[in-house]
Structures are given as C-alpha cells and as structure tokens.
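The values are calculated or read from the model by the stated rules, or taken from the named source; none is laboratory data. No experiment lies behind these values; they were computed from the predicted model shown. Please note: Cβ atoms are built from the backbone with ideal geometry, for glycine as well, and neighbour counts cover all protein chains shown. Just so you know, the surface numbers come from the protein's heavy atoms only, side chains and all, with ligands and any DNA or RNA stripped out. Shrake-Rupley method; radii C 1.70, N 1.55, O 1.52, S 1.80 Å.
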Amino acid sequence: MMADPAFGRVATDHMVMIRYKEGKGWYDAQVMPRGPLTLDPSAAVLHYAQEIFEGMKAFRTNEDGIAIFRPEANARRFQKSAERMAMPVLPEKLFIEAVDQFVKADADWVPEGESSSLYIRPFMFANDAFLGVKPASEYIFLVIGAPVGAYFSNGAVTVWVSETYTRAAPGGTGAAKCGGNYAGSLLAQAEAKEHGCDQVVFLDAVKHRFVEEMGGMNVFFVFEDGSIATPPLTGTILPGITRDSVLTIAREQGLTVREEPYAIDQWLEDAKSGRLTEAFACGTAAAISPIGAVKTSAGEVKIGSGTGAGQVTGALRTALLGTQRGRVADTHGWVHRVV
Ligand SMILES: *Cc1c(COP(=O)(O)O)cnc(C)c1O
C-alpha cells in the first residue's frame with residue numbers, strides 16, 4: 001500500500017550539524033556535505049536510546065517558493081521531547097535556523113508535484129563514550145532530508161487493532177517523539193501486516209479498551225451528525241501538529257469537535273450501525289489518509305463506503321493541503337517561507 005516503499009531512502013546532498021557539550025552549550029553549527037558519522041562503540045545512544053526526532057515537510061508553493069508548515073510547533077515539540085528524555089533543550093530559533101539552512105542548501109531537492117515534498121528529519125542523540133547509565137553530557141543535533149511522494153497510494157488504508165501490544169503507558173514516553181517508541185511499535189506493525197492491514201492501531205495500556213493512535217499517526221472519527229472526534233492528549237499520545245491543525249480547521253468549518261476517549265467496541269458498533277461515517281489517519285508523512293476498514297480478531301468492519309475519502313475527510317484534506325501549498329489563505333501564520 002505504500003506508494004513509495006523507499007520513503008526516505010534517497011539522500012540529499014547536505015546536512016546540518018550542531019554539537020552540544022555540558023558547560024559549553026551549543027557550538028560548531030555547520031551546513032556540510034551529507035556523509036557517514038563516526039561514533040565510539042560506547043556512544044550512549046547505541047545503548048540507552050537517548051534519541052529524539054522531528055518530521056517536517058518543505059513544499060513548493062503556488063508562488064514558486066518553498067515553504068515549511070508550522071516549524072515553530074516542531075521546534076517546541078522537540079524541546080518537550082528533549083525534556084522528557086533528559087536531553088538539552090535546543091533554542092527554537094536555532095532549530096528553525098538549522099532547518100531553513102538545510103532547505104536552502106538542498107532547495108533543488110524539493111520536488112514538484114502535488115503529493116511530493118522534501119521530508120525533513122531533525123534529530124538529536126547522546127554521544128557520550130561512556131557505559132554508565134545517566135543523561136549524557138554530549139549530544140549531536142542533525143538535520144537531514146529526503147524527497148518523498150505520497151506515503152500511501154490512493155484509496156483507503158485498513159487498520160489492525162492490536163490486542164497483544166500497547167505503545168505507551170501513563171507516565172511513559174508516549175508524548176515524546178523518540179526513537180524508542182518506534183522500536184517498540186515495529187512488532188505490532190508487523191502483526192498488522194500479517195493480518196493484511198496497512199497500519200496498527202494501539203489501545204490504551206491500562207484498560208486495553210480506548211483507541212490511542214497508530215504507530216506514527218493520530219486518528220480521527222467522523223459521525224453521522226457531522227461532528228468529529230479524536231482521542232485526548234493525556235500523555236500517552238503523540239501531540240501531532242497535523243492533529244492540531246485539523247482540529248483548528250474543523251472548528252472553522254463549523255464542525256462540532258470533540259477530544260474524548262473512544263472505545264474500540266464503540267468504534268466497531270458505530271461503524272456497523274452507520275453512526276460512524278468516516279475515519280482518517282493524520283500526520284506529516286501521510287497527511288490525511290482515509291481509513292476504509294478496521295480489523296480485530298473478531299473480523300473486519302467497513303467504514304462508510306470503505307473506498308476512500310468521505311466528504312468531511314475530503315474537505316479537511318483540501319483545506320490543509322491548500323494552506324500548505326498557498327492555495328488557501330494562511331490565516332494562522334502557519335506557512336513559513338524559506339525561499
Ligand atoms: C510524528 C507522529 C505523529 C504525527 O505528528 P505530526 O506532527 O502530525 O506529524 C503521530 N503519532 C506519532 C507516534 C508520531 O511519532
């Protein structure tokens with residue numbers, strides 16, 4: 001189902017690197033040719049996974065420019081992730097400057113085309129050569145990127161609800177964008193594939209009942225009465241910037257919006273009864289992707305027509321993508337022009 005199985009495999013020419021050392025702060029910022037890193041085998045990240053990242057996209061706009069969507073939000077989330085993982089906080093201005101410099105250096109790599117963009121991956125990891133367990137005192141921040149097309153090919157994705165695995169527990173790292181969360185989700189994603197599904201949906205770790213999110217995307221539900229709902233941010237869900245943008249756009253479109261827990265039994269029942277008319281996944285990589293069916297060990301239930309974006313999903317998608325590309329007026333100051 002992935003339109004481009006090589007998502008992120010093509011390397012661009014440059015990377016940005018900034019180093020950090022306790023007592024010295026951030027230093028040695030540079031735009032440089034992309035290339036391999038040399039690490040000591042005891043580098044802390046390789047043992048205790050002190051690593052965080054972000055995912056953003058640079059788009060070609062209608063006015064022949066290049067823009068990034070809400071980079072301040074990524075910068076702030078990166079700071080929150082750093083705090084949770086006991087890492088140093090990179091100033092917002094430095095984060096945005098690094099991303100801007102990267103996009104300028106690799107501007108030729110930003111593809112043309114409605115569903116194409118330059119995927120940007122800022123990340124930071126612990127680089128102490130030391131095997132003791134403690135927050136590291138040295139870190140490397142990097143920005144790399146890759147031209148990408150659509151994450152899913154057209155049509156709707158099917159999702160598998162894992163009854164075996166959970167993604168994040170209360171008090172854990174679910175709200176931080178850290179590599180470790182992904183390592184723990186890969187087996188659940190493999191389970192989804194084994195059941196013929198594109199993506200896994202996780203339930204809450206306490207009751208195994210409430211829908212949380214997918215491995216790397218948030219989830220929304222659209223009801224017969226025109227209202228929409230998404231699980232609340234209680235600390236176990238990644239606070240998606242796409243999620244936040246969708247909530248804002250939906251309110252402006254006059255929809256009733258709820259952030260509330262939604263139980264899996266209710267989801268199945270509502271899909272069967274027709275009370276649930278649409279569902280979609282959202283995130284930077286996949287934008288807004290309709291969910292056509294939900295599958296559990298009890299069987300598969302179709303959502304709406306099961307074939308693609310319904311009316312509400314379609315309207316939200318048009319508004320979001322239109323804003324990113326400069327076709328819809330940017331009334332929120334979301335579009336950050338780089339070139
Ligand atoms: C990045 C991510 C999302 C989506 O966040 P966006 O800011 O919309 O890209 C959702 N869930 C998880 C687990 C993520 O890592």
Selected residue [part of a helix (DSSP H, G or I), surrounded by 15 or more Cβ atoms within 10 Å (Cβ to Cβ) and charged (D, E, K, R)] from D265, D270:
D270
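Restricted to region 143-160, and to residues that are of a type in the set (A, V, I, L, M, F, W, C) and surrounded by 22 or more Cβ atoms within 10 Å (Cβ to Cβ), which residue is farthest from the ligand (Cβ to nearest atom)?
Quick first cut of region 143-160, residues of a type in the set (A, V, I, L, M, F, W, C) only: 143-144, 146, 148, 150, 152, 156-157, 159-160.
Narrowing further to those that are surrounded by 22 or more Cβ atoms within 10 Å (Cβ to Cβ): 143, 156-157, 159-160.
On the way: V143: 16, A156: 19, V157: 14, V159: 14, W160: 16 Å.
Within region 143-160, the match that is farthest from the ligand (Cβ to nearest atom) is A156.
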Restricting region 209-224 to residues that are part of a strand (DSSP E or B) and under 20 Å from the mean Cα position of the chain (by Cα), the one farthest from the ligand (Cβ to nearest atom) turns out to be F221
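Okay, residues lined up against (1) touching a residue at least 12 places away in the same chain (Cβ under 8 Å); (2) surrounded by 19 or more Cβ atoms within 10 Å (Cβ to Cβ):
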position	(1), (2)
Q101	yes, no
K134	no, no
E163	yes, no
R167	yes, yes
G174	yes, yes
Conditions: (1) surrounded by fewer than 17 Cβ atoms within 10 Å (Cβ to Cβ); (2) touching a Pro at 6+ places or on another chain (Cβ under 6 Å). F280 meets all but one. Number of the miss?
(1)
Considering E54, E72, E97, E114, which residue is open to solvent by 60 Å² or more (accessible area, probe 1.4 Å) and closer than 30 Å to A309 by Cα?
E114
For region 234-251, state whether one or more residues are away from the ligand (no atom under 15 Å from the Cβ) and free of Cβ contacts under 8 Å to residues at least 12 places away in the same chain.
yes
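I need the full set of residues from region 171-183 which are within 19 Å of the chain's Cα centre (by Cα) and either within 22 Å of P261 (Cβ to Cβ) or within 11 Å of the ligand (Cβ to nearest atom) (or both), in order please. Even if it seems obvious, please write down each step before you answer.
Kept after step one, since they are within 19 Å of the chain's Cα centre (by Cα), are these residues of region 171-183: 172-183.
Hits for region 171-183 are G172, T173, G174, A175, A176, K177, C178, G179, N181, Y182.
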Considering region 252-277 alone, what residues qualify as being free of Cβ contacts under 8 Å to residues at least 40 places away in the same chain and among the basic types (K, R)?
R258, K272
Pull up region 201-232, narrow it to residues that are of a type in the set (V, I, T) and without any contact (Cβ under 8 Å) to a residue 40 or more places away in the chain, then point me to the one that is surrounded by the fewest Cβ atoms within 10 Å (Cβ to Cβ).
V206
Just one of (1) closer than 25 Å to A175 by Cα; (2) open to solvent by 20 Å² or more (accessible area, probe 1.4 Å) trips up I18, so point out which.
(2)
